[in-house]
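J.: This is the structure I have questions about; it appears just below.
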Amino acid sequence: MSNDSKSEQIRTRIWLEEPEPDNPFATRAAYCHGYDVYGAMLGQARWVEMLYLLFRGEVPTSAQAELLEAVAVVLANPGPRDPSVHAAMCGGVGGSTAAACLIAALAVGAGQLSGGREVFLVMEAWNSCGTDLDAWQRRLATPPDDTVSIWPMPEHLPGFDPHGVSTTTPVQQTLSHLACVSVESRLIWLEMNRASLEAVAGRPLAMSCVAATAFCDLGFTPEQGEMFYLLLRLPGAAAHALEQRQYGHKKFPFFKVELENDPAMEDR
């Protein structure tokens, strides 16, 4: 094989394919980090186990798989009031393609307000503070200034609900369950110290923080956690987009806007 042909090879540690003997462009066998996907994993591995293997390069333990599956259930549908899901709904009711609806959800859900970037920032905070309450209190009191990032400075403390008054029931339920499932310490520590962190932040804990903490307990990097968060929230966006396409624009839930000097009210 010439040097030129070698330079054109795809370099990946994740995936290995063997060609069919009669067709070099068709796959006979595919291996994910050494595991035979179609010959051994198919029918044996769960979806979350495949995801973990893809990202981490190893098969999860039963406890890790259970934790990741619980996180996937929680994140599967953020609900129609979530900006990313609402963006997909707008695409669906407007007749956009399936890909456009999902891209809209990804674009809107990628940011620093309950989005993927917020999860990334919380995971960075975990890497910096660990389970040191004093370190967390200092970080929340004086957030780091990331001047080299392409992202603007967050307008609220990552991991906390800027509009919340008290910790929502789903956040409490999720944190309690995941803390029982996880064999690592962060989720347990977060449940024990939630009130102290909320007191310093002046805001209640958000679901983004719980998800980020679970990803840390699973051994993910901030980059991996950000990707996982975006991926796991897509099913709800897709389902709601399809539903709104069926309902049509006349039943789309536009937000009520109060207008001053509304012409429609002048004749009444």
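J.: Cβ-Cβ distance below 7 Å, separation of 6 or more or different chains: which pairs start in segment 36-57 with a residue that is under 16 Å from V73 (Cβ atoms) and end on one that is β-branched (V, I, T) and at pLDDT 95 or above?
T.: From segment 36-57, the pairs are E49/V59.
J.: Out of M192, M153, M123, I need the residue that is buried (at least 18 other Cβ atoms within 10 Å of the Cβ) and aliphatic (A, V, I, L, M). Which one? Steps first, please.
T.: Values: M192 fails: buried (at least 18 other Cβ atoms within 10 Å of the Cβ); M153 fails: buried (at least 18 other Cβ atoms within 10 Å of the Cβ).
Going through M192, M153, M123 in turn, the sole match is M123.
Yes/no matrix, rows are residues, columns are (1) hydrophobic (A, V, I, L, M, F, W, C); (2) in the same structural domain as Q224 (by TED's automatic domain parsing); (3) within 27 Å of the chain's Cα centre (by Cα):
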site: P24; (1), (2), (3): no, no, no
site: A29; (1), (2), (3): yes, no, no
site: H33; (1), (2), (3): no, no, yes
site: M50; (1), (2), (3): yes, no, yes
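J.: Still on this structure, please answer the following. Considering only segment 126-138, state which residues are surrounded by fewer than 17 Cβ atoms within 10 Å (Cβ to Cβ) and either farther than 18 Å from E184 by Cβ or among the hydrophobic types (A, V, I, L, M, F, W, C) (or both). Give the derivation first.
T.: If we filter segment 126-138 for residues that are surrounded by fewer than 17 Cβ atoms within 10 Å (Cβ to Cβ), which is where we start, we get 127-135, 138.
Matches in segment 126-138: C129, L133, D134, A135, R138.
J.: Out of the residues in segment 49-74 that are touching a His at 6+ places or on another chain (Cβ under 9 Å) and more than 18 Å from W15 (Cα to Cα), which is surrounded by the most Cβ atoms within 10 Å (Cβ to Cβ)? Walk me through it before giving the result.
T.: Filtering segment 49-74 down to residues touching a His at 6+ places or on another chain (Cβ under 9 Å) leaves 53-54, 56-59, 70, 74.
Next, only the ones that are more than 18 Å from W15 (Cα to Cα) stay: 70, 74.
Values: A70: 18, V74: 21.
The selected residue is V74.
J.: Could you give every pair whose Cβ atoms fall below 9 Å, whose first residue belongs to segment 240-263 and is farther than 18 Å from N77 by Cα, and whose second residue is modelled with pLDDT of 70 or more and of a type in the set (D, E, K, R), counting only separations of at least 6 or pairs across chains?
T.: Pairs that qualify, where the first residue is farther than 18 Å from N77 by Cα and the partner is modelled with pLDDT of 70 or more and of a type in the set (D, E, K, R): there are none.
J.: Suppose we filter segment 14-45 for residues that are farther than 30 Å from S62 by Cα and in a loop (DSSP other than H, G, I, E, B); how many remain?
T.: 2
J.: For A206, are the conditions met, namely being out of contact with any Asp or Glu (no Cβ under 8 Å at 6 or more places or on another chain), among the small types (G, A, S) and within 13 Å of V74 (Cβ to Cβ)?
T.: On the way: out of contact with any Asp or Glu (no Cβ under 8 Å at 6 or more places or on another chain): no; among the small types (G, A, S): yes; within 13 Å of V74 (Cβ to Cβ): yes.
No: the conditions fail for A206.
J.: Looking only at segment 73-84, count how many residues are part of a helix (DSSP H, G or I) and under 13 Å from the mean Cα position of the chain (by Cα). Step through it out loud before you land on a result.
T.: Filtering segment 73-84 down to residues part of a helix (DSSP H, G or I) leaves 73-75, 83-84.
This time we only want the ones that are under 13 Å from the mean Cα position of the chain (by Cα), so: 73-75, 84.
Summing the residues that are part of a helix (DSSP H, G or I) and under 13 Å from the mean Cα position of the chain (by Cα) in segment 73-84 gives 4.
J.: Restrict the check to segment 154-166 and report whether at least one residue is closer than 22 Å to D82 by Cα, within 22 Å of the chain's Cα centre (by Cα) and assigned to a helix (DSSP H, G or I). Spell out how you get there, then give the answer.
T.: Going residue by residue through segment 154-166, those that are closer than 22 Å to D82 by Cα are 154-166.
Next cut, within 22 Å of the chain's Cα centre (by Cα) only: 154-164.
Subsequent filtering for residues that are assigned to a helix (DSSP H, G or I) retains none.
No, every residue in segment 154-166 fails to be closer than 22 Å to D82 by Cα, within 22 Å of the chain's Cα centre (by Cα) and assigned to a helix (DSSP H, G or I).
Here's the yes/no breakdown for (1) in a helix (DSSP H, G or I); (2) at pLDDT 95 or above; (3) among the polar types (S, T, N, Q):
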site	(1), (2), (3)
E198	yes, yes, no
S208	yes, yes, yes
T213	yes, yes, yes
G219	no, yes, no
A238	yes, yes, no
V257	no, no, no
D267	no, no, no
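J.: For segment 152-197, give me each residue that is among the charged types (D, E, K, R) and in contact with a strand residue (DSSP E or B) (Cβ under 7 Å, 6 or more places away or on another chain). If you could, list the steps in order and put the result at the bottom.
T.: At the first step, the residues of segment 152-197 found to be among the charged types (D, E, K, R) are 155, 161, 184, 186, 191, 194.
The one that is among the charged types (D, E, K, R) and in contact with a strand residue (DSSP E or B) (Cβ under 7 Å, 6 or more places away or on another chain): R194.
The values are calculated or read from the model by the stated rules, or taken from the named source; none is laboratory data. Nothing here was measured: the structure is a model prediction, and the numbers come from that model. Cβ atoms come from the backbone with ideal geometry, glycine included; neighbour counts cover every protein chain shown.
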